[in-house]
Amino acid sequence: MIYELTTSSRGEELFPYHDIGPQGRAPRLALVADLHGNELNGMFVLSRLAAFLRGVSSGERRGLRLRERVVIVPTINTLESRGFGPARAGAGVGYRRSMWAAATGALVALTRAAYYRVDIHQVSLDIEEMPQVRLYAPSDDERATACLFGLPAVIER
């Protein structure tokens with residue numbers, strides 16, 4: 001099932017997202033991509049992953065069972081494509097900022113309860129960057145868990 005997060009005041013769609021798995025508990029994993037509107041690889045991968053996990057959750061994939069809840073946000077940049085982003089001509093700057101602030105706040109609220117929160121982030125074509133886990137004010141437990149992802153770098157900020 002695809003959900004749409006909307007603003008309460010105007011009813012405008014902020015972004016679509018997938019909430020898959022057992023609904024009686026907090027999400028184990030939240031995956032987000034395309035925060036900047038040009039990160040097509042992450043949006044594609046998360047859209048495909050959501051379709052696969054929906055198939056597992058619905059029983060279409062025999063022998064597989066989804067034991068944990070997963071929230072997937074392939075893009076929040078539906079705002080940009082509908083003219084609410086920074087480039088919209090004729091829209092007030094304050095209105096654009098308030099829509100982006102609402103989307104950011106909604107994204108944080110949607111993903112806050114997840115045990116793992118992952119941003120699939122793409123850098124520019126001019127930069128080659130290794131896959132990494134970034135930790136913000138980590139505990140020893142988070143450091144140990146970050147290593148389980150098997151990525152070549154764990155960065156603390």
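No lab work stands behind these numbers, since they all come straight from the coordinates. Just so it is clear, the structure is predicted and the values come from calculations on it, not from any experiment. Glycine gets a Cβ as well: all are built from the backbone with ideal geometry, and neighbour counts include every protein chain shown.
Judged by the mean number of other Cβ atoms found within 10 Å, the most tightly packed of the peptides 16-29, 59-72 leads the ranking 16-29, 59-72.
Residue-wise HN-Hα couplings along the stretch 54-65, as the Karplus relation 6.51 cos²θ - 1.76 cosθ + 1.60 with θ = phi - 60° gives them from phi, are 4, x, 5, 4, 7, x, 5, 9, 4, x, 10, 9 Hz; Gly and Pro carry x.
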